[in-house]
1. Hey, among Ser42, Ser76, which residue is hydroxyl-bearing (Ser, Thr, Tyr), more than 14 Å from Pro89 (Cα to Cα) and surrounded by fewer than 16 Cβ atoms within 10 Å (Cβ to Cβ)?
2. With touching a helix residue (DSSP H, G or I) at 6+ places or on another chain (Cβ under 6 Å), modelled with pLDDT under 95, loosely packed, with under 15 Cβ neighbours inside 10 Å and of a type outside the set (Phe, Trp, Tyr) as the only criterion, which of Asp56, Asp87, Asp34, Asp81 stands out?
Amino acid sequence: MTSTPLVRTVQPVQSIRRNEARRGSAAGPRVRDDMTVEVALSLMAGARVDRLVLCDGDDQSVGLITLARLAVLRESPLYTDRIRLRDVPSLAR
């Protein structure tokens, strides 16, 4: 039995980032604004991103939320695990 060698094509990181920017995904994953902050932080950690694109019920982009903003909110005495992303003050809209 003969095996066929596996050929891999490696794309440079700069090229991948340019392609993402063209597709519009460079800003981050799209999430609904009714997601809780806890779930958003978990998603960001799993996806290894530092921002999310917020969408409303009609899947229209309504703003961005950053990991830094959520981290500050989480340390606030006003924070609860029931806060939704749409309730986060000073979203970049």
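1. Numbers: Ser76 fails: more than 14 Å from Pro89 (Cα to Cα).
One residue alone meets the criteria, Ser42.
2. Asp81
The values are calculated or read from the model by the stated rules, or taken from the named source; none is laboratory data. The structure presented is a predicted model; accordingly, all values stated were derived computationally and were not measured. When we count neighbours, we look across all protein chains shown, and the Cβ atoms used for this are built from the backbone with ideal geometry, even at glycine.
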